[in-house]
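Notes follow the structure.
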Amino acid sequence: MLELTHDKLRSAMESFGQPAWRADQFADWVYRKGVVDPAGMSNLPDDAAGRFTILDSRVACRADSSDGTIKLLLELCDGQCVECVLIPTGSRATACLSTQVGCAMGCTFCASGLGGLVRNLSAGEILQQMLHLRQASAMRITNVVFMGMGEPLANYDATIKAIRSLTDPQRFGISARNIVVSTVGIPAAIRRLADEMIPITLAVSLHAPNDAIRGQIIPAAAKWPIAAVLDAARHFYRSRGRELTLEYVLLGGVNDSPLCADGLARIAGQLRCNVNLIMYNPVEPLGYCRPGRAAADTFASRLRKHKVIVTVRRSRGLDRQGACGQLRLRQAGQSQGADASQPEKINRAAKRGSKRPLQCRPTQTPN
Ligand code: SF4
């Protein structure tokens, strides 16, 4: 049902022998009221909504953080799991959605990349995360970030289809300006996204000031030099007129030196952009450290001296496996010994990850 445009939903309703306007009522229940059980759709006959599949996933695990963040682990129809998160900030509620099961980018600091890519999500599976999050909280979802598991631009068609549903006033009705697509930077896909004419915000996960460090922490990005990513990002800015965000996760002793700050400032100076510094949420088996607050502030100050607009993003949900992929990793640990091959693959990768030689100084006390 979630993959259908409103016109197609009306046609489908008619094909089931119902008047097309029943689709308006149905959509109102699902998209506006967040009701997914046909039995609760009081103004619809049983054989109207009941003919459609709305959800074929279920919440396998829920983690609530003391800061209000809600993280869900969803089990999909084939038993694979993905995470989604609801992050309340004042009157805003941001949904962080996954686009793939696993991820092929293999970022060495990220739990989601452990075990590699399993499969793409369909647009419907991406959108089901919205409904599960809606049911998990009384808050209306106002913002969406594609920053969960997977590289959204590597699952391009489903991501665009999901965005079109999110921004459709007859479906989720979220302003495109409140949607952020975060990518490691696939130049051809960024150019294609620019040509879609949707005024979303593009966030490029740079994470390094040069190709050498970037190749170390985002191995898949080695084939896309920073210069090519910046060219594509400039094209996005020129065609959409939307400022970019550069995401930079601070990894203690790896990319947080003054030299790195100067390099990042040089890159940011070439773009109309702001920089989000992200305090790393440690993933135990991967061995990276989270810099302390003072180190992050020093890094940010150095950028500001170069006139870069910087935000230091505080971590949300740190007390409950806050980093992307951690809930799935924990679930995989609990499943070990059962006959699921994917959890075993994730755990093997986690163990390999723990042996990676990292330039990492001793962990400082997180703030
Ligand atoms: S950080 Fe993002 S792109 Fe990198 S492995 Fe994790 S999910 Fe994939």
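E75 versus (1) among the acidic types (D, E); (2) modelled with pLDDT under 95; (3) under 26 Å from the mean Cα position of the chain (by Cα): which is the lone unmet condition?
The single condition E75 does not satisfy is (2).
Which one of C77, C107 is under 18 Å from T183 (Cα atoms) and assigned by TED's automatic domain parsing to the domain that holds K161?
None of the others qualify; the one that does is C107.
Return the residues of the range 20-65 that are modelled with pLDDT of 95 or more, under 18 Å from M130 (Cβ atoms) and in a helix (DSSP H, G or I); say none if nothing qualifies.
Once the filter is applied, which keeps residues that are modelled with pLDDT of 95 or more, under 18 Å from M130 (Cβ atoms) and in a helix (DSSP H, G or I), the range 20-65 yields F26, A27, D28, W29, V30, Y31.
Identify, from the list S11, S15, S42, the residue that is closer than 25 Å to T167 by Cβ, outside the structural domain of F146 (by TED's automatic domain parsing), free of Cβ contacts under 8 Å to residues at least 40 places away in the same chain and of a type in the set (S, T, N, Q).
Answer to the selection: S11.
If you go through the range 107-145, how many residues are under 15 Å from the mean Cα position of the chain (by Cα), within 13 Å of the ligand (Cβ to nearest atom) and either farther than 30 Å from A221 by Cα or not in a strand (DSSP E or B) (or both)?
Within the range 107-145, residues that are under 15 Å from the mean Cα position of the chain (by Cα), within 13 Å of the ligand (Cβ to nearest atom) and either farther than 30 Å from A221 by Cα or not in a strand (DSSP E or B) (or both) number 6.
Out of all the residues in the range 200-242, which are open to solvent by 10 Å² or more (accessible area, probe 1.4 Å) and within 16 Å of the ligand (Cβ to nearest atom)?
The answer is S205, H207, I213, G215, Q216, P219, A220, A222, K223, W224, I226.
So, in the range 146-180, how many residues would count as being more than 12 Å from the ligand (Cβ to nearest atom), under 18 Å from L246 (Cα atoms) and surrounded by 17 or more Cβ atoms within 10 Å (Cβ to Cβ)?
Here the count works out to 3.
The values are calculated or read from the model by the stated rules, or taken from the named source; none is laboratory data. The structure displayed is predicted, hence computed values, not measured ones. Using ideal geometry, Cβ is built from the backbone for each residue, glycine included, and neighbour counts are taken over all protein chains shown. All accessible areas refer to the heavy atoms of the entire protein, side chains included, with ligands and DNA or RNA removed. Shrake-Rupley method; radii C 1.70, N 1.55, O 1.52, S 1.80 Å.
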